[in-house]
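The values are calculated or read from the model by the stated rules, or taken from the named source; none is laboratory data. The shown structure was predicted, so the numbers you read here are calculated from the model rather than taken from an experiment. Neighbour counts are summed over all protein chains in view; Cβ atoms, including those assigned to glycine, are modelled from backbone coordinates with ideal geometry.
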Amino acid sequence: MMDSEENRKSKCQRLFVAAIDFGTTYSGYAFSSKDNWAKVITNHVNLSGGNQISQKAPTALLLNPDKTFKAFGYEAEQQYANLASDDNNNCKKFYFFQKFKLILKTDFEHRVHRKTACLDINGKSLDAITVFTHCIEYIKKQLLTDLNDSVAFTPKLADIEFVLTVPAIWDDTAKMFMREAAVKAGIPDDQLLIALEPEAASIYCQLMYLEPQNESSFRVTELNTEAKYMVVDLGGGTADITVHQLKRNGTIAELAPASGGLWGGLCIDQAFKDLLQAIFGEETMNKFHSDEEYTDDAFDFWQGFEIRKRSLDFDNGTNNIHLRIPMGFMDIVKKIHKIKNEKELIKILEKSKLKGNDIKIVNGKLHIPTVIIEKIFRETSEKIVNHIKNLLKEVGESLKVILLVGGFSDCSLIQNHIRQTFDIKGKTRVVIPNQCELAVLKGAVYFGHHPDMITERVSRYTYGIQIWPKFDASQHKSDKLVSLNFEERCRDVFFKFVAKGERVSVGLERSYPLRALGCTGGTLECGIFISRTENPQYIDDDDCEMLGIVKAEGVEDGTEIVESLIFGKTEIQAKVWHCRTKKQYSTVIDLLSEKTKYPKKN
């Protein structure tokens, strides 16, 4: 698709595409112009700073006591640490959020809504949509400032197509949540695309040859037409994995629905916290992380661990890794364990659950054998590897390449485990693209210019609506029999639009004619239901849930209408129109109401 000069032109109708990659641990933005779309500019120092662990900023938000915005990123961390060091103990009046994106990790039984709560590090609650909105609004402002500084004129908001990235393993409710947060942050609804993170990375790997690259850089176009490849997006919070196929026209088709789990870099952080707790005790760790006096030390320590986590390489013969212990942490250890100096720390190690593992403290540094660190990483990488193995069984043996993208894929321990498992005998090639941490962000910009590059997706669930057909004793349960307008009807029947596992082309529209009943004030409400099975019979089956509601305005009771759902895009869409006049009603789809009535299970 990209070979001809015509196809290389941006398909975007606006002057610029700007992408926001909202991550669990780090967030960033990038943009490019319609005329020179392959030249992607990523965020500058005003979003980064700190120790430059990442080319993005920490996803950290600081709000004033009145819940107004105060700071984001490294600034938020530093300002909160300064507040915490004040003697007046004012910091708990403020709201400080970090690593909160995982509250949107949804599954079949856990959904989000507009009143979903988000807790700050001190346990104070705020509506999650407010937290996300503040973050997106700040990033958007920085993006616009950067864009203005990069061109010879002042672009208007209407000149920009925005793209917001989300994990592909999120459900429809989480995607709608992010859209609403972005709209609240001032991004016009009709100027916003939602991009799925592994898809964005896949597009980047196909189009990155248009940017200057290293000679060794891999790109998807090196694969033969119809070749299958896997995208493994390893971020701070999740592993987001899918299988794609390169089509003859250069487009990309999804072969397996996105899957994965909470196997990102935060798993390593938690495992290391558990290790420290096994050495120094729960009381020490709790005080270090909760006492305002040590907030600055805690931030510095975990930033240092993040740097080491990404740069670990045991191929150089290193037997230990060394981590500097903050003075504040040592003060806590001395007070709680009643020791006077570093030499007495050996008593703590001898009493700990990890005695005999050759862990030492020398000159203020914690010396940990590499075998222990490898074990910490191995537990997470095993989950990733096992999931990849299961996916390979599903898609067959013809998969040629595994692409590792995302910040966590920068870690050599993770890379080595995956390579040692799959990249053997030249059967499957494991590739870490150039700038793998930015693959999703830059790919999201490319997606904004070429939204037609993904042509087919696989439905994770069966989607349908509730209908009340004429009762048929040979097909329907007797307890579903109802009388409606002097007719025997069967209530709660699940009418299937798209089946689980079905390959769906982008924009596929499925419809069903209905008679509008029970309209209140001219508003028709129709439920959308999902199932984990291919052929559900009733909407209250054990494997069925209500996803949300389609609302159509101006529909009179008794009107014959057609309801359509549009599939295959990154977000589900709906239409309702009059059967005879073909008039289309004003229609919205609401997946976020906390008042959604779920079907009662029999």
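The table below lists the values:
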quantity	calculated
Condition check for Ser85: modelled with pLDDT under 95 and more than 21 Å from the chain's Cα centre (by Cα)	yes
In region 16-41, the residues that are part of a strand (DSSP E or B) and over 28 Å from Leu102 (Cα atoms)	Phe16, Ser32, Ser33
Pair list, Cβ < 8 Å and 6+ apart or interchain, from region 222-243 residues that are farther than 17 Å from Glu382 by Cα and in contact (Cβ under 8 Å) with a residue 40 or more places away in the chain to residues that are crowded, with 19+ Cβ neighbours inside 10 Å and aromatic (Phe, Trp, Tyr)	Leu223/Tyr229; Val243/Tyr229
Scan of region 119-173 for residues that are part of a helix (DSSP H, G or I), among the basic types (Lys, Arg) and under 19 Å from Cys12 (Cβ atoms), ordered by number	Lys140
Subset of region 123-158 [in contact with a Cys (Cβ under 9 Å, 6 or more places away or on another chain), in contact (Cβ under 8 Å) with a residue 60 or more places away in the chain and of a type outside the set (Val, Ile, Thr)]	Leu126, Phe132
Residue list for region 430-473, filter: of a type in the set (Gly, Ala, Ser), over 27 Å from Tyr26 (Cα atoms) and buried (at least 19 other Cβ atoms within 10 Å of the Cβ)	Ser459, Gly464
Test: residue in region 292-301 that is crowded, with 19+ Cβ neighbours inside 10 Å, touching a residue at least 40 places away in the same chain (Cβ under 8 Å) and either small (Gly, Ala, Ser) or over 21 Å from Asp86 (Cα atoms) (or both)	no
Verdict on Leu547 being touching a helix residue (DSSP H, G or I) at 6+ places or on another chain (Cβ under 7 Å) and buried (at least 19 other Cβ atoms within 10 Å of the Cβ)	yes
Of all residues making up region 221-267, the number that are surrounded by fewer than 24 Cβ atoms within 10 Å (Cβ to Cβ), of a type in the set (A, V, I, L, M, F, W, C) and closer than 24 Å to Lys99 by Cα	4
Every residue from region 97-115 that is crowded, with 20+ Cβ neighbours inside 10 Å and either in the same structural domain as Glu545 (by TED's automatic domain parsing) or part of a helix (DSSP H, G or I) (or both)	Lys101, Leu104
Residue within region 336-347 that is touching a helix residue (DSSP H, G or I) at 6+ places or on another chain (Cβ under 9 Å), crowded, with 19+ Cβ neighbours inside 10 Å and at pLDDT below 90 present	yes
Top-ranked residue in region 158-172 [being more than 30 Å from Phe96 (Cα to Cα) and of a type outside the set (Gly, Ala, Ser); ranked as nearest to the chain's Cα centre (by Cα)]	Glu161
Identity of the residue in region 546-597, at pLDDT below 95 and among the aromatic types (Phe, Trp, Tyr), that ends up farthest from Gly464 (Cα to Cα)	Tyr585
Set Glu488, Glu509: member being outside any loop (DSSP other than H, G, I, E, B) and either over 28 Å from the mean Cα position of the chain (by Cα) or within 23 Å of His476 (Cα to Cα) (or both)	Glu488
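Matching residues to (1) under 18 Å from Ile321 (Cα atoms); (2) not assigned by TED's automatic domain parsing to the domain that holds Arg310:
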| position | (1), (2) |
| --- | --- |
| Lys340 | no, no |
| Lys351 | no, no |
| Leu366 | yes, no |
| Glu382 | no, yes |
| Lys389 | no, yes |
| Val395 | no, yes |
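The rows are residues; the columns are (1) over 28 Å from Glu437 (Cβ atoms); (2) modelled with pLDDT of 95 or more; (3) surrounded by 21 or more Cβ atoms within 10 Å (Cβ to Cβ).
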position	(1), (2), (3)
Ala117	yes, yes, no
Thr133	no, yes, no
Glu137	no, yes, no
Leu143	no, yes, yes
Lys156	yes, yes, no
Val166	no, yes, yes
Phe177	no, yes, yes
Gln191	no, yes, no
Leu196	no, yes, yes
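Residue by residue, here is whether (1) under 28 Å from Lys383 (Cβ atoms); (2) of a type in the set (Val, Ile, Thr) holds:
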| position | (1), (2) |
| --- | --- |
| Ser259 | yes, no |
| Ile279 | yes, yes |
| Glu282 | yes, no |
| Ala298 | yes, no |
| Ile336 | no, yes |
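Residue by residue, here is whether (1) closer than 20 Å to Glu197 by Cα; (2) within 18 Å of the chain's Cα centre (by Cα); (3) among the aromatic types (Phe, Trp, Tyr) holds:
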site: Thr242; (1), (2), (3): yes, yes, no
site: Leu246; (1), (2), (3): yes, no, no
site: Trp263; (1), (2), (3): yes, yes, yes
site: Ala271; (1), (2), (3): no, no, no
site: Asp274; (1), (2), (3): no, no, no
site: Glu282; (1), (2), (3): no, no, no
site: Asn286; (1), (2), (3): no, no, no
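A quick yes/no check of all residues on (1) touching a strand residue (DSSP E or B) at 6+ places or on another chain (Cβ under 6 Å); (2) within 30 Å of Gly73 (Cβ to Cβ); (3) assigned to a helix (DSSP H, G or I):
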residue	(1), (2), (3)
Phe299	no, yes, yes
Ile307	no, yes, yes
Lys334	no, no, yes
Glu344	no, no, yes
Leu349	no, no, yes
Lys353	no, no, no
